[in-house]
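Visitor: Below is the structure I would like to discuss, written out as structure tokens.
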């Protein structure tokens, strides 16, 4: 009887291990915005390590590679705001250049496409995801005959501190 | 409900079941498995859409000849996974099976100018089945019923002469079109257990696009394959049934795709008796 109990308990432990093996996957309800979980993991910070530009209308184009002189960090996080008396969560990204806040966008991050929206009702800057791994992202932005390829590496760095201002009492 | 949530609910249920029967006189089994499935599906709407894209090129890019991959496959052979658990008592067996299938097809239509389009079709299917039947030490025969949860995704990307892919909102044909659907699943199978920790499962599953009673009812799901990104041009969110017609909310595909499988799965068959 005891042997049987231990046999069954080992099966129960296996069931629990299977349960937790599925944690932290890039999944969300209906699988939309399934890349955002990866982007916001850890501190949610990604450093731009390389920017390439090339003409996309020719085979084997000449590629110009640039290493950013100033540190560019994209910080992905969920922010909440109140509308009609209820709290709504929103995916957001803030871009910092050289330690200064450049811009904050709402973000739609899917495995194939990432959209940065700057308050537009319809529209936004759309990146095509070329490569997505837990520590590296390569996105393309194409417009007309030009493509910009941006390489990010997960940095888990501190979000730059931006000093606030106050004019009132 | 996502794959993770289904999997967690299944595993926790098994944990509770195992603990509750620890000292009773029943044969309990837990069997993860891997194998292969031959599967068939009517993707005629996708095939029609793909053909219409080529007609669109014939009409609008007559001086830029193209080559196109064959139309979407209706049958395929894919890896098959399974996690099953259950009990058998005095010749009867009852089990629960989780069967995920991940299907993917890609098609290119490339013009002589170097521009083209890449279509990628994905179906992530999750069948959760209850197996009921006759069981013995070396053989089980069972019928199955349950539900399927399916995520469909069609990615339509422009291919530039440089080889770069783009799903940006610069072109309305670009997009990531999705749909979630649920339906009932039925089937049956035979499980052979030649040695103590091995089982071979041969199973047939039919996955419908409808839930019981859904047809012509208020819960009937007529949602189309859509790209709901805010970045899109308004009115162009549906994946077009006919590329030669204007993009609109009427020019759409409702993915009422029914799929059937024949699976052969090798199980690691843990049991207490």
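Visitor: Looking at (1) at pLDDT 95 or above; (2) surrounded by fewer than 23 Cβ atoms within 10 Å (Cβ to Cβ); (3) within 9 Å of chain A (Cβ to nearest Cβ), which one does residue B:190 not meet, given that it meets all the others?
Guide: With (1) at pLDDT 95 or above; (2) surrounded by fewer than 23 Cβ atoms within 10 Å (Cβ to Cβ); (3) within 9 Å of chain A (Cβ to nearest Cβ) applied to residue B:190, the lone miss is (3).
Visitor: Might you let me know whether the stretch B:177-185 holds any residue that is part of a strand (DSSP E or B) and under 21 Å from residue B:32 (Cβ atoms)?
Guide: Scanning the stretch B:177-185 turns up at least one residue that is part of a strand (DSSP E or B) and under 21 Å from residue B:32 (Cβ atoms).
Visitor: How many of the residues in the stretch B:215-237 are in contact (Cβ under 8 Å) with a residue 24 or more places away in the chain and within 20 Å of the chain's Cα centre (by Cα)?
Guide: Within the stretch B:215-237, residues that are in contact (Cβ under 8 Å) with a residue 24 or more places away in the chain and within 20 Å of the chain's Cα centre (by Cα) number 7.
Visitor: While we're on this one: I want to confirm something. Restricting to the stretch B:28-52 and keeping residues that are modelled with pLDDT under 90 and buried (at least 17 other Cβ atoms within 10 Å of the Cβ), which single residue is nearest to the other protein chains (Cβ to nearest Cβ)?
Guide: Filtering the stretch B:28-52 down to residues modelled with pLDDT under 90 leaves B:28-29, B:42.
After this cut, where a residue has to be buried (at least 17 other Cβ atoms within 10 Å of the Cβ) as well, the list is B:28-29.
Working: B:28: 7, B:29: 9 Å.
Restricting to residues being modelled with pLDDT under 90 and buried (at least 17 other Cβ atoms within 10 Å of the Cβ), the top hit is B:28.
Visitor: If you go through the stretch A:141-154 one residue at a time, do you hit one that is assigned to a loop (DSSP other than H, G, I, E, B), in contact with a strand residue (DSSP E or B) (Cβ under 7 Å, 6 or more places away or on another chain) and crowded, with 17+ Cβ neighbours inside 10 Å?
Guide: Narrowing the stretch A:141-154 to residues assigned to a loop (DSSP other than H, G, I, E, B): A:144-145.
If we keep only those that are in contact with a strand residue (DSSP E or B) (Cβ under 7 Å, 6 or more places away or on another chain) too, we end up with A:145.
Restricting the remaining residues to those that are crowded, with 17+ Cβ neighbours inside 10 Å gives none.
Scanning the stretch A:141-154 turns up no residue that is assigned to a loop (DSSP other than H, G, I, E, B), in contact with a strand residue (DSSP E or B) (Cβ under 7 Å, 6 or more places away or on another chain) and crowded, with 17+ Cβ neighbours inside 10 Å.
Visitor: Still on this structure, please answer the following. Looking at the stretch B:259-273, which of its residues are surrounded by 15 or more Cβ atoms within 10 Å (Cβ to Cβ) and assigned to a loop (DSSP other than H, G, I, E, B)?
Guide: Passing the criteria: B:269, B:272.
Visitor: Something else now. Could you count how many residues in the stretch B:166-184 are within 7 Å of chain A (Cβ to nearest Cβ) and more than 25 Å from the chain's Cα centre (by Cα)?
Guide: Filtering the stretch B:166-184 for residues within 7 Å of chain A (Cβ to nearest Cβ) gives B:166-170, B:176, B:178, B:180.
Adding the requirement that they be more than 25 Å from the chain's Cα centre (by Cα) leaves B:166, B:168-170.
Residues flagged as within 7 Å of chain A (Cβ to nearest Cβ) and more than 25 Å from the chain's Cα centre (by Cα) within the stretch B:166-184 amount to 4.
The values are calculated or read from the model by the stated rules, or taken from the named source; none is laboratory data. Model, not experiment: these values are computed from the prediction. Quick reminder, even Gly has a Cβ in these numbers, built from the backbone with ideal geometry, and neighbours come from all protein chains shown.
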